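Read the structure below first, then the notes.
Values in this text are rule-based calculations from the coordinates and carry no lab data. These figures come from a predicted structure and were not determined experimentally. When we count neighbours, we look across all protein chains shown, and the Cβ atoms used for this are built from the backbone with ideal geometry, even at glycine.
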Amino acid sequence: MERPPLVLVDCDTGVDDALAILYLAADPQVEILAVGTVDGNVAAELGAENSLRALEVAGRPTVPVAIGARAPLLQESRHAEHFHGQDGLGDSHLPPPGGRPTDEGAVEQMLRLARSRPGEVSLLALGPLTNVALALGVEPRLPELLREVVIMGGAVACPGNQSPWAEFNIAHDPEAAEMVLRARWRRCTLVGLDVTGEAILEPAGHQRLGGSVAAEFASRILAQQMRTNHRFELCDPLAAAILVDRSLATFQRLPVSVDLDGRHTRGATVADRRTTLAPTEEEARPAVEIAMAVAADRFLAEFSRRLGSYG
Ligand code: RIB
Ligand code: CA
């Protein structure tokens, strides 16, 4: 078992981002160094407020939360309130958090932590990759300074959820995702819809949540989706779980490009499966670890165990 990670979370706190924070914070061996928010499910400011709410119910009120990019690099922002609710937390109308975001920006926070603890910090990216791309532009050494990056995003061998081909985090800022997936990280792991489609919380699992402030919080922010869709895909919590325990998944190491020009396919994550033809110089890029299979039952049991472990 690898040593427990020091984790920097970059997210767009919506419902599953909040659940991922609870998943990580339940682990006494994981140190959440900080959270940065990015425009995605909701505006970055609201994502920060929701991240503070999740950290406070998880007993981690001192973890700093910094606001990052308020828009994608190029395209117009399209939030996902239709899915995550107007408040980003399932229209649960929770009281405001006690804390407030730091004055530092999320990109500055990411660079400060990476430079101050070279090779030690694991970046868990649960939203669009705008902050990560901006940080790469400021600090080209970022891939060597971070221990690894785990990204919730993409749909390599399955349909998208934002379009027939593209997953939301990638589709929200394809230019940023292309910059990130082209970089030479020490290790880059892609946890996409190929595996999150197996990580489904059913109503019975939702009904078992409770018994603590954190579990009640999780139950409340999930209630709207359970009422309307009777299921919830635990995308971000699965990415957090794989960061903590890679044995939950099996991976394919392949270079991945992001389509930027397709009328129907913009934002698609395209893996290069060629084994004979060498890529051209333009096509050449490092392989990323694509999660292609997951021990879904073991993950779901661990998800419930962790949420139940809060006093
Ligand atoms: O496609 C699912 C991803 O997009 C999740 O991270 C969800 O929170 C949204 O950001
Ligand atoms: Ca997210």
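Which angle from 0 to 90°, rounded to the nearest 10, does the C-alpha axis of helix 15-25 make with the longest principal axis of the chain? Between the helix axis and the principal axis of the chain, the angle is about 80 degrees. Cα centroids of region 4-37 and region 157-225: how far apart, whole angstrom? If we compute the Cα centre of each part, the gap is 13 Å. Qualifying GluC sites (Glu not before Pro) in region 1-79, where qualification requires a DSSP coil assignment and no more than 13 other C-beta atoms within 10 Å, comprise GLU2, GLU76.
Taking N as the residue count of region 53-205, its C-alpha radius of gyration divided by 2.2 N^0.38 Å amounts to 1.11. With all pairs of separate Cα atoms included, region 179-226 yields a Kirkwood hydrodynamic radius of 13.6 Å. Structural size metrics of region 108-148, computed from C-alpha coordinates, are Rg and Dmax of 9.3, 25 Å. Projected label points at GLU139 and LEU6, each 7 Å from Cα along the beta carbon direction, are separated by 1.1 nanometres.
Placing one equal scatterer on every Cα of the chain and applying the Debye formula, the log10 ratio I(q)/I(0) at q = 0.13 Å⁻¹ is -0.85. With the simple model of a label 7 Å out from the Cα in the direction of the Cβ, SER309 to GLU81 spans 3.7 nm.
Within the chain, antiparallel bridges make up roughly 35 percent of the DSSP beta bridges whose residues both belong there. The phi-based Karplus calculation (6.51 cos²θ - 1.76 cosθ + 1.60; θ = phi - 60°) puts the 3J(HN,Hα) values of region 262-267 at x, 4, 9, 10, 4, x Hz, whole numbers, x for Gly and Pro. Model label sites at ARG184 and LEU277, defined 7 Å from Cα along the beta-carbon direction, differ in position by 2.5 nm. All C-alpha pair distances within region 208-263, sorted into 10 Å bins from zero, spread as 17, 29, 30, 19, 5 percent across the bins. Rg over Rh for region 139-295 works out to 1.02, both radii taken from alpha-carbon positions and Rh defined as the Kirkwood radius. Here's how it looks for MET292: its modeled amide H is under 5 Å from those of THR250, PHE251, GLN252, which are all 5 or more places away or on a different chain.
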